[in-house]
Structures are given as C-alpha cells and as structure tokens.
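Encoded as structure tokens, the structure appears first; notes follow it.
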Amino acid sequence: MSVAFTILGRGRAGCALAEAWGDRTMLLDHEARPQGLVLLAVPDRAVAELAAHFPGRCVHLAGSLHLTDVPCAHPLTSFDGRARDWTGTPVAMTGAVPDDLRRAFGDLGFAAFDLPGELKPLYHAAAVLTSGHAATLWLGAEALLRAQGVALPGRGLLPLAEATLRNVAERGLAGRTGPFVRGDEATIARDAEALPEPWREIFLRLGRSLG
C-alpha cells in the first residue's frame, strides 16, 4: 500500500497512530517538510507555525485549539505511544478534514463527529476533567494514604476506579455512589475534616457539583 499521508511528530499520539496505520503513513520529525497530506501530531503551541508550511494540506490533532484555515481531528483518548483497540472512541472533526483521513480514523475504529470550532475549548475542558483531572484525583488519593503509612494491598484503588466507571457506563447518573449521593452529611463532614487543604475544598466542591 502506498503512503497516503505523513504524520509529523514523534510524541505518544504520533507514534501510536503511525503504528496502527502501518504502511499507509510515514512518521517524521517536526523539521521534515514532506509532500502531500500532513497530520500534525505536535504540541498546541507548534501547530500554527508548522501549519504555515503546509497550506491547504494539513490537519492538526489539538483538541482545544481552533485555527480557521486548518482542520482538526482530535481523538478522544489517552495515547501511550502504542496502537490500541480504539473501537467506539470518538474523534472530533472540525473544519474540512479530508475524506481519506476520515476513513483512516474510521478504519481504526474511531467514531467521527463534527465539532464546531467555538465549542472546542469546552469539549477539551470536559476531556481534561475526564482524563487528566481524574488521574490527578486518583494519584492524589493514593499519595494522601501513603503519607499516613496506609499501603493498600493488591491493586490498590484501581478496582474501585474500574467499578465506578463500569457503573456509570451502565447506569449514567444513577451509577454514582457514596455519601454525597446518599446525603450523608455526618460522613461528609467527618471525611472532609480528615483532608488537608486544598483537597478538602476539592472534595466538597466536586461532591456537590451535580446536586
């Protein structure tokens, strides 16, 4: 199969997609200036400058950034540098993403949807809450326990996180559990008192954010 497009950027996203697409793409460094369609898998701050070298023939992956003349395809996943099963994973398409690239994402199992440029920051903020902030909460909770000498056996907090996501996936809002859902104010107050700031404020604000 001949190369259909080039990926610029050897970060985790670029490496994962290049491995998955195989011979249909080439993976090059930022400094390369290839011909044909180019997929910019580079940090947000580098997109505009690099896109200027490929007018009318590049697409970027930055979920929050909107450039009027540069289309975007943002996979809603956390890349680790390797090809994975992305079946059913949304990919946000903003602007005139070429059909060849839309099909290429579809071939990997991604589910494309059109996202207006003005909604990209909100969309990306929701992604950060789901991914980066969720990871911070989980890792922070482990750190709080370790600081007091509590070493959880087995897989630690991971089974709880997995069960929670499974319940929410199956039941939506009804999948939430815990003292905030039950309205158990005595437990909430006791738990909050045990936390240092700013974790105490985060605990209370997040717990009450959905009513």
Quiz prompt | Search result, residues across the range 172-211 that are over 25 Å from the mean Cα position of the chain (by Cα), of a type in the set (A, V, I, L, M, F, W, C) and loosely packed, with under 10 Cβ neighbours inside 10 Å | solution = Ala186
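Using the structure shown, decide if Ala169 is under 21 Å from Glu142 (Cβ atoms) and either assigned to a helix (DSSP H, G or I) or in contact with a His (Cβ under 9 Å, 6 or more places away or on another chain) (or both).
Criteria not met by Ala169.
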Practice problem: Name the residue, out of Ala161, Ala125, Ala169, that is hydrophobic (A, V, I, L, M, F, W, C), closer than 30 Å to Leu61 by Cα and loosely packed, with under 11 Cβ neighbours inside 10 Å. | Solution: Ala169
Quiz item: Tally time: how many residues in the range 91-106 are open to solvent by less than 10 Å² (accessible area, probe 1.4 Å), of a type outside the set (Val, Ile, Thr) and free of Cβ contacts under 8 Å to residues at least 40 places away in the same chain?
Solution: 3
Self-check item: Candidate set from the range 139-166 (those that are small (Gly, Ala, Ser) and part of a helix (DSSP H, G or I)); member that is farthest from Asp191 (Cα to Cα)
Solution: Ala163
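Would you check if Asp85 is over 18 Å from the mean Cα position of the chain (by Cα), more than 25 Å from Pro121 (Cα to Cα) and surrounded by fewer than 15 Cβ atoms within 10 Å (Cβ to Cβ)?
No: the conditions fail for Asp85.
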Quiz item: Looking at (1) modelled with pLDDT of 95 or more; (2) out of contact with any Phe, Trp or Tyr (no Cβ under 9 Å at 6 or more places or on another chain); (3) surrounded by 14 or more Cβ atoms within 10 Å (Cβ to Cβ), can you tell me which one Arg146 breaks?
Solution: (3)
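The values are calculated or read from the model by the stated rules, or taken from the named source; none is laboratory data. Given the structure is predicted, the values throughout are model-derived calculations rather than measurements. A quick note on method: Cβ atoms are made from the backbone with ideal geometry, for glycine too, and the neighbour counts reach across all protein chains shown. These accessible areas exclude ligands, DNA and RNA; they are computed on the full protein's heavy atoms, side chains included. Shrake-Rupley method; radii C 1.70, N 1.55, O 1.52, S 1.80 Å.
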